[in-house]
Protein chains: 2
Amino acid sequence: MNPIKSIFIFIFLYPFSLISQNDSIQIRKIHDLALTNSSCYSWLEHLCLQIGGRLSGSTNAQKAVDYTAKELKNLGIDVIKQPCKVPHWERGKKEVVNMIVGNRKTLLHACALGNSIGTNGKELKAEIIEVGSLDALKNIDASLVKGKIVFFNGAMNPIYIETFRAYGESVGQRYIGPAFAQKKGAVGVLVRSMTTEHDIYPHTGAMKYDTAYPTIPAIAISTLDADLMSKNLKSGKVTCSIQSDSKMLTPVDSYNVIAEIKGSTFPEEIIAVGGHLDSWDTGQGAHDDGAGCVHSMSVMELIKQSGYKPKRTIRCVLFMNEENGTMGAKAYAEASNKNKEKHIAAIESDEGGFTPRGFSIDAKDEVIEKHIATIKKWEKILAPYYLTIDRGGSGADIDALKNQGGAMIGFKPDPQRYFTLHHTAEDTFDKINKRELELGAAAITSLVYLLDNYGL
Amino acid sequence: MNPIKSIFIFIFLYPFSLISQNDSIQIRKIHDLALTNSSCYSWLEHLCLQIGGRLSGSTNAQKAVDYTAKELKNLGIDVIKQPCKVPHWERGKKEVVNMIVGNRKTLLHACALGNSIGTNGKELKAEIIEVGSLDALKNIDASLVKGKIVFFNGAMNPIYIETFRAYGESVGQRYIGPAFAQKKGAVGVLVRSMTTEHDIYPHTGAMKYDTAYPTIPAIAISTLDADLMSKNLKSGKVTCSIQSDSKMLTPVDSYNVIAEIKGSTFPEEIIAVGGHLDSWDTGQGAHDDGAGCVHSMSVMELIKQSGYKPKRTIRCVLFMNEENGTMGAKAYAEASNKNKEKHIAAIESDEGGFTPRGFSIDAKDEVIEKHIATIKKWEKILAPYYLTIDRGGSGADIDALKNQGGAMIGFKPDPQRYFTLHHTAEDTFDKINKRELELGAAAITSLVYLLDNYGL
């Protein structure tokens, strides 16, 4: 090579390769610390085993607020509890759903949907009408539905590699299916659980009534029970008797937990990372979303441990009430907008504590291409950790911050096991693999580091 | 665009894009079938729950031979049982390892290493000497080791993303550590379990004596017990008493199970895919390597179900005795070489039934670049399934086929959970996720399809 060319290459490439080498060292350090010295696994153990399910408005939810605030404070950083008013729904006594075919009565694996009302201490008994989708119900004459229990049995499509896509296509049955059934004069709703598994576990989750019509009970049944019911319906009439004790109580005061490390150079530019503290009552909220909370707390811990001094303000936000109201997210966005804050980026971890696969980015139409292009460049630095960056959704708790013009980023772990556990009694601490959880914390911290170091 | 340019592009790009579109359709079909209609999960359920641990030479190993041969025959393809002579090692009664510090005796979580001999009905009691590696033992004067129990306590390095690298760096302590200890006059060996977990489960695995010296018992202890022992050694003398009933019996007749679909155009070109039927006795051999066996069986099933007619000969090989002798692999390679066969490629699945991440390729020095270049091109077609292809190792059962000049390929699933379970009583069917297992079968079948369609 001639000397002129060498000098040219040296001048133009040296600074970049040096920067990128420093980044690689910093990101390797973050991973080393996460895999050897992180508190995330023991924090999650406490949230799951010492506290347990953390439904909004419950004593456990308040315990989780106090515990995480204390642990974050122990890192030596500023912590506040940001008030928000949350719905207070209670399941009450165990639901009972019996399927009656001729003289035979079979107890099904069932659990009431979040926000649903109960049967008022009585037994609700009615004939079942099965539909495969929301559209299918729309096309049925109300006279055929009136007085019956609508059974939504559209299965989650198993062929997608991205299981969240299958969930997105089916979950309408659970969320607004009851409202569709109300309009047609149904007296109750049963929903096939949102999972591709064929098992006995019912999956709860939020639903929303149409306030213009009388409210009706809405209950999820396991996929195996749904298959059985559908089979029975093929040969004749099926009746179900339902008892549910669920009720919506008065909203209560609750909190988001917010911890912050102020930026040294651009303190007004905020990079937030968050998960949600509340969970369903049936399990321990291990993957949904204890994992996301301890991921976010770990970002603060790993920054402190690594000795890195952020230029921008790094904020950990543990949102309350993602599951049945997102009132924490609303309170956070409102306060942020009121204070004229600017989130240049926000990362949400709410897809479980599995091996990280990368990130997906969402932003306002006029800025999305710029954000993607900037962040996509970092794929190379993140390649040793098998992390990719693509366009896609972010998360329910940060979506409202998109209006500030920053990049809303969803953390994407491996999605295959999520819907086995999601919203069931099986979402427990023993389903967490320590290394997978720690690698998630490291992946998110690495992206926070890059966002902080380069800005957007 | 001017019409000349259009025609040029049409002529030169059309055929490639058409081929690649057909490949995409075929690979999508393979995934659809795997996720909706595969037998792999139920096959594995039978291997784990109806048969269980399948140590070479055991009744269970023979049951696994008969069961898998029958299931493959049920697919309507040719199946043979290929004879091989395998070692017959038995654990016997539960091992007992007590740690004695002063007057305090603590029962440790222990299990004898495969191929190790027992204590001949007696209790072996001796002082412990701890070393952190094979090299550390090499550098210690034999007079300090003579009459003692060597305790190998080199921990697996937790910071590698590739857990198999950490295993590779540490496993020498287990495999040839006992031989090193024999040479220094030790009377026994304890080995820290090969895992980055801190838990109570001992991990067994093969070891090999130096036949020039007296044999000595060799036993793995859990990592928590190893930590405790090491802590005690820091403040003084530690003695252990060991009882092991392990013995090596006379070699017995066993089999590889081989199923084949003859190629329509190049029947002499073989593409083999395999796992190993034998497993350790402590668990059910679910991830190691029931998963690899049913992956390989699924390749045959998915080819049949998809209606694809292979041009080359596709062979499923379920190897016997990978764990403590690889006698099945030797028998297979010998017969193959004797018959002047040519394996253009062989794929081994022996890293568990976790979400697929891709493949690694090994070949003879003079052909590796060519093979990598050819196969690497297919990454684009496999991108929707998040599969990457890189240079790397293949597997113990196919390594001997490399001499035939083909590509030896290791299937690489996500490696984070493998060493939590590997060689323990915890490697059971409940640790298998159905979708992850099915995606593995689909990934391997997709690569077999590309290898068959294009050759190498």
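The values are calculated or read from the model by the stated rules, or taken from the named source; none is laboratory data. This one's a predicted model, so the numbers in the text were calculated from it and none came from an experiment. Because the Cβ atoms are built from the backbone with ideal geometry, glycine has one as well, and the counts that use them run over all protein chains shown. The protein model used for the area step is the full one, side chains on, heavy atoms only, and it has no ligands, DNA or RNA in it. Shrake-Rupley method; radii C 1.70, N 1.55, O 1.52, S 1.80 Å.
Observations, loosely collected:
- Look at (1) hydrophobic (A, V, I, L, M, F, W, C); (2) out of contact with any strand residue (DSSP E or B) (no Cβ under 7 Å at 6 or more places or on another chain); (3) within 14 Å of another protein chain (Cβ to nearest Cβ) and you find that A:Val171 fails only one, number (3).
- Count - residues of the stretch A:181-204 that are more than 21 Å from A:Leu233 (Cα to Cα) and crowded, with 18+ Cβ neighbours inside 10 Å: 7
- Sole exception among (1) open to solvent by 30 Å² or more (accessible area, probe 1.4 Å); (2) more than 16 Å from B:His109 (Cβ to Cβ) for B:Val273, by number: (1)
- Residue match in the stretch B:155-165 (condition: farther than 30 Å from A:Ala383 by Cβ and either hydroxyl-bearing (Ser, Thr, Tyr) or over 23 Å from the mean Cα position of the chain (by Cα) (or both)): no
- Members of the stretch B:24-37 found to be away from every other protein chain (no Cβ under 11 Å) and open to solvent by 10 Å² or more (accessible area, probe 1.4 Å), listed by number: B:Ser24, B:Ile25, B:Gln26
- Residue pairs whose Cβ atoms lie under 7 Å apart, separated by 6 or more positions or on different chains, with the first residue in the stretch B:187-199 and within 14 Å of chain A (Cβ to nearest Cβ) and of a type outside the set (Ser, Thr, Tyr) and the second part of a strand (DSSP E or B) and buried (at least 24 other Cβ atoms within 10 Å of the Cβ), do not occur.
- Within the set A:Met156, A:Met207, the sole residue that is within 14 Å of chain B (Cβ to nearest Cβ), open to solvent by less than 40 Å² (accessible area, probe 1.4 Å), in contact with a helix residue (DSSP H, G or I) (Cβ under 8 Å, 6 or more places away or on another chain) and of a type in the set (A, V, I, L, M) turns out to be A:Met156.
- As a summary of the residue check, B:Leu113 satisfies the conditions (1) at negative phi; (2) open to solvent by 30 Å² or more (accessible area, probe 1.4 Å) except for the one numbered (2).
- Scanning the stretch A:47-66 for residues being more than 23 Å from A:Gly114 (Cβ to Cβ) and either open to solvent by less than 60 Å² (accessible area, probe 1.4 Å) or among the polar types (S, T, N, Q) (or both) gives a total of 1.
- Close pairs (7 angstrom Cβ cut-off, 6 or more residues apart or separate chains): under 29 Å from B:Lys338 (Cβ atoms) in the stretch B:383-402, loosely packed, with under 15 Cβ neighbours inside 10 Å anywhere: B:Lys402/B:Lys364
- Failed item in (1) within 22 Å of A:Ala329 (Cβ to Cβ); (2) under 21 Å from the mean Cα position of the chain (by Cα), with A:Tyr41 passing the rest: (1)
- The strands (runs of 3 or more DSSP E) falling completely within the stretch B:145-222 include none with 2 or more residues that are modelled with pLDDT under 95.
- Those residues of the stretch A:279-303 which are assigned to a helix (DSSP H, G or I), under 15 Å from A:Gly53 (Cα atoms) and acidic (Asp, Glu), in sequence order: A:Asp288, A:Asp289
- Checking the stated criteria, B:Ala396 turns out to be of a type outside the set (D, E, K, R) and in contact with an Asp or Glu (Cβ under 7 Å, 6 or more places away or on another chain).
- When each of A:Leu228, A:Leu249 is tested for being surrounded by fewer than 16 Cβ atoms within 10 Å (Cβ to Cβ), more than 14 Å from chain B (Cβ to nearest Cβ) and of a type in the set (A, V, I, L, M, F, W, C), the lone residue that passes is A:Leu249.
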